[in-house]
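No value in this document is a laboratory result; all are computed from the given coordinates. If you're wondering where the values come from, they're calculated on a predicted model, not measured in any experiment. Every residue, glycine as well, gets a Cβ built from its backbone with ideal geometry; the counts of neighbours run over all protein chains shown.
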Amino acid sequence: MVSGYSAIEHGGNLPNDTEGVPENRLELAETYQKIANIYKGMGLYKEAIASFEKSLDVLLVSCPENRPDLGDIYHGIGECCNCLGMHQQALSSFEIALEAYNEDSSHRSSVIASVHYKIGCTLEAMGLSDEAYERYIIALDIWKRSCTGNMAMITDANCRVGRFLMSIRCFSKAHKNLKEALEGAKTMGMTDDPWTASIYNNLGICCWHIKKHEEAAECYRNALRIWSVTLPWNHPFIPALYQNIGFLYSDMGWYEEALDNYVKALDLKLTQSSEDYTGIVTIYEGMGVCYFRMHMYEKAMDYYRKALDTIMSSIPEETEGIGFFRDRISQEYIEADQARMYR
């Protein structure tokens with residue numbers, strides 16, 4: 001709890017700094033709340049919380065606790081706490097706001113949905129992805145049933161749900177949410193925004209996994225079109241995208257095109273200050289696979305060997321994933337050597 005919750009902790013006793021307030025306490029509380037919102041808009045979140053809490057102290061003495069005004073105040077405190085990285089306090093405030101809103105049947109369902117969405121964002125920031133996903137689903141369901149809501153929040157919630165579903169390999173379901181997110185971004189006029197490019201990229205990954213190759217290629221092309229003019233040339237998103245295009249073209253049997261994209265990804269990754277060694281290994285392996293499928297077995301062995309050398313020299317920590325990675329590439333190297341001998 002943040003410090004100003006003393007009115008709750010001490011049974012509703014008015015703190016000393018509000019003694020002698022005017023009889024019209026609602027007007028005073030509203031003034032504190034307006035000041036808090038001004039501070040919040042200025043990015044002065046600590047000052048905003050202090051003013052929200054003064055409004056809260058007045059209302060807790062003067063009004064029933066289920067007033068929607070209390071929901072708005074706790075909602076504001078939650079937003080400020082999140083901006084300050086105080087996620088547990090934010091979560092507590094949002095839950096209280098939600099209870100206050102739910103107790104007032106006249107309150108708009110879109111506001112209730114937005115609180116569920118913000119609780120989801122808070123839980124995700126706390127590393128609680130499963131619980132966050134449940135809140136996003138609740139919010140999206142309310143928005144869909146009420147046919148109202150903040151388009152930016154709806155779009156972001158669909159993005160977040162899509163990413164979660166991708167993380168548990170539910171690519172068909174993720175594809176649906178990401179398509180809705182893309183439509184939301186277009187509705188907001190964000191056709192050429194880097195955020196929209198991220199949606200295209202994730203949608204492309206889903207399409208690749210569910211074998212919608214042509215749609216995946218179109219998504220990747222759109223992502224590259226946007227990122228190539230909105231991000232620095234060495235931004236890590238760009239080589240990752242070239243790598244994704246390489247995977248896709250390799251699956252489609254376009255090996256020359258796949259190799260071209262792998263080379264672009266590799267060149268960018270090798271020039272970055274913080275090298276992505278796992279990504280480099282993946283590219284070397286992908287190039288080896290392409291050359292193997294083109295029956296160029298010696299070249300395939302060269303790239304498998306580069307992948308193995310990178311694992312041994314640059315990824316010293318032994319983990320189950322790295323062990324599996326190394327064993328798979330070692331087996332691919334053996335298969336390429338055998339194919340070379342018996343061709």
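Translational diffusion coefficient of segment 71-230 (Stokes-Einstein, Kirkwood radius from Cα pairs, 10 °C, 1.306 mPa s): 97 µm²/s. Just to verify a number: FRET efficiency for MET151 and ILE210, C-beta to C-beta distance, R0 = 25 Å, to 0.05? FRET efficiency, MET151 to ILE210: 0.40. When the charge dipole of the chain is built from unit charges on Cβ atoms (+1 for Lys and Arg, -1 for Asp and Glu) and taken about the Cα centre, the candidate among GLY162, GLY286, CYS80 whose Cα reaches farthest toward its positive end is GLY286.
Within segment 100-162, the trypsin sites (Lys or Arg not before Pro) that combine a DSSP coil assignment with at most 15 other C-beta atoms in a 10 angstrom radius are ARG108. Over the C-alpha trace of segment 45-157, radius of gyration and Dmax come out as 13.9, 40 angstrom. Rounded to the nearest angstrom and listed largest first, the equivalent-ellipsoid semi-axes of segment 263-322 from its Cα gyration tensor are 21, 15, 8. A simple spin-label model places the labels of HIS235 and GLU103 4.6 nm from each other, with each point 7 Å out along Cα-to-Cβ. Can you tell me the orientation of helix 129-146 relative to the chain, as the angle in degrees between its alpha-carbon axis and the longest Cα principal axis, to the nearest 10? Relative to the chain, helix 129-146 is tipped by roughly 70 degrees. Placing one equal scatterer on every Cα of the chain and applying the Debye formula, the log10 ratio I(q)/I(0) at q = 0.06, 0.09 Å⁻¹ is -0.34, -0.65.
For the chain, the longest principal axis of the C-alpha atoms and the axis of helix 213-230 are separated by about 70°.
Within the same chain, lysines fewer than 8 places from LYS46 are excluded, and of the rest, those with a Cα less than 28 Å from its Cα are LYS34, LYS54, LYS118. Taking 0.36 nm per residue of separation and subtracting the current Cα-Cα distance, fully stretching the chain between SER313 and ASN37 would add 93.9 nm.
Shape class for segment 141-257, computed from the alpha carbon gyration tensor (a ≥ b ≥ c): oblate, with a/c not under 1.5 and a/b at or below b/c. Restricting segment 229-278 to chymotrypsin sites (Phe, Trp or Tyr not before Pro) that sit in a DSSP loop and have at most 13 other Cβ atoms within 10 Å of their own Cβ leaves TRP233. Angle of helix 277-293 to the longest C-alpha principal axis of the chain, folded into 0 to 90 degrees and rounded to 10: 40°. Computed about the Cα centre, the dipole magnitude for the chain is approximately 1160 debye when only Lys and Arg (+1) and Asp and Glu (-1) carry charge, each at its Cβ. Among the GluC sites (Glu not before Pro) within segment 292-323, which fall in a DSSP loop and have no more than 14 other Cβ atoms within 10 Å of their own Cβ? In loop regions of segment 292-323 (DSSP not H, G, I, E or B), the sparsely surrounded GluC sites (Glu not before Pro) are GLU317, GLU318. On full extension, the segment bounded by LYS46 and ASN24 gains 5.3 nm, given 0.36 nm per residue less the C-alpha separation. Note on the chain: helix-only mean residue ellipticity at 222 nm, from DSSP H runs of 4+ residues weighted -39500 (n - 2.57) and normalised by residue number, equals -25500 deg cm²/dmol. Taken over segment 205-343, the alpha-carbon convex hull comes to 111 cubic angstrom per residue. Between MET296 and GLN338, the modelled labels are 2.4 nm apart [label points 7 Å from Cα along Cα→Cβ]. Across the cross-link table entries LYS269/LYS299; LYS179/LYS211; LYS212/LYS269; LYS269/LYS306; LYS211/LYS269, which are compared at the Cα atoms, the separations over 18 Å belong to LYS269/LYS299; LYS212/LYS269; LYS211/LYS269.
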